[in-house]
Amino acid sequence: MDLAYFWYEGARALMGPGRVAADLTRHALQNPANPAAYSPYARSIAAGCEMFERVTRRYGKPRFGLDSTDVGGVAVPVTERVVWERPFCRVIGFDRGFLSPPARPQPKLLVVAPMSGHYATLLRGTVEAMLPDHQVFITDWTDARMVPVTEGRFDLDTYIAYLQAIFRDLGPDLHVMAVCQPAVPVIAAVALMEARSDSAVPVSMTLMGGPIDTRRSPTAVNCLAQERGQAWFERNTIAYVPPIYPGAWRRVYPGFLQLSGFMAMNLDRHVTAHADMFDHLVTGDGDSAEKHREFYDEYLAVMDLTAEFYLQTVETVFVAHALPRGTMRHRGEPVDLAAIRACAILAVEGEKDDISGVGQTLAALDLTPNLPQARKAYHLQEGVGHYGVFNGSRYRTVIAPRIAAFIREMAALPRERAPHLREVV
């Protein structure tokens, strides 16, 4: 398995001429000056060429493209700014160009994007819904194949250390939203900071569809990890990055393998979607075809994960269940969720989530006995799956307003700092 990446890149190189030929043929058959372009036969060939080119393409990292937001019916320009950076992550801030001070407080909100294959841009809709009333930041994780091996390792412990550094840099009045996989490192980072009486502990954390305790309502993903164990994943999913990338010879869980797993989970749905795309192209339904392009340009853009991060996460979260069992450690220091007394928690779950089953995120409230009930909240969204927890119409109209209300409520509560919390230099 170690050389699978080399075989993959070799196959991509061999397909290159065919991809170029298909693209040139498509453009020729869609040229308005070509009389044949108007025949059903030509449209079918052009559609087939586009489908071939898209299936064999490597999709680059998409843009957020959030150039403006609507605040009280007024369009406010938005610009991106890097506010924190390390080799494996940078934090992007979305600055809004208000002409006058906003009418209501604008809490600082850090969205912790999952490091699970897709880029942080998958949370574009998540960020967009929170922009009107929050100063939003997001973790933008770096594709492991682009990080030279001289920059060192990146594992789950490093991830947690990064989060603590970000929390301290963005300030003690910070609210955190962890989407899916980051729920575990986020709550672990907060527990470690509270145990050390760190004054930079966030005001609140919203955990969305996260695998806090995967023993509850185990899904097919959870069961696979439990049955196979870390050793199986190391043998079958880890490969070396080829020397054509800056991260040459780094051991990674390649994005193309992750994508094959994503697609296999709902293969019939993806096959149907691509068949529909072909029909839209043939019939000239440009709007439907463009929606397909937009979705799959994002969905098919994947990044590599470092082997050590992936394998440690599998073992800690899905096999050993170390966090709920109280055996998780961070660089030798115990992760004790009972230490959480100040940072409020909102757990959000989707009724039809097939990645993190119902109850897995709710476990965070049960595992923090010393956090007052007034600082705990739970929301179960009916009728949505995993993706719907942080994107889509239900997220925009129900979940995002619920999170915003929780943030305002927790920001209004007095912080219980002394003697529990103190300044940490």
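Bear in mind these aren't lab numbers, they're just calculated from the coordinates by the rules spelled out. Model, not experiment: these values are computed from the prediction. Counting neighbours? That spans all protein chains shown, and the Cβs are built from the backbone with ideal geometry, glycine included.
Data table
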{"item": "Mean-position separation - Cα centroids, the range 367-384 and the range 26-57, in angstrom", "result": "53"}
{"item": "Positive-end extreme of charge dipole, the chain - chosen from 226, 299, 388 (charges on Cβ)", "result": "226"}
{"item": "log10 of Debye I(q)/I(0), alpha-carbon scatterers only, for the chain at 0.07, 0.11, 0.13 Å⁻¹", "result": "-0.37, -0.89, -1.20"}
{"item": "Structure-based [θ]222 nm, the chain - -39500 (n - 2.57) summed over DSSP H runs of at least 4, per residue, nearest 500", "result": "-12500 deg cm²/dmol"}
{"item": "Dipole magnitude of the range 1-57, debye to nearest 20 (Cβ charges: Lys/Arg +1, Asp/Glu -1, about Cα centre)", "result": "200"}
{"item": "Proximal lysines relative to residue 291, as straight alpha-carbon distance under 22 Å, when same-chain residues fewer than 8 apart are discounted", "result": "61"}
{"item": "Fraction of the pair-distance distribution of the range 1-57 above 18 Å, Cα-Cα pairs, percent", "result": "43"}
{"item": "Spatial separation of Cα centroids for the range 274-314 and the range 64-94, in angstrom", "result": "24"}
{"item": "Most to least packed among 284-290, 222-228 [average Cβ atoms within 10 Å]", "result": "222-228, 284-290"}
{"item": "The range 276-425, dipole about Cα centre (Lys/Arg Cβ +1, Asp/Glu Cβ -1), debye to the nearest 20", "result": "1180"}
{"item": "The range 1-57: relative contact order as a whole-number percent, Cα under 8 Å and 6+ apart", "result": "38"}
{"item": "Cβ-placed point charges (K, R +1; D, E -1), dipole of the chain about Cα centre in debye, nearest 20", "result": "500"}
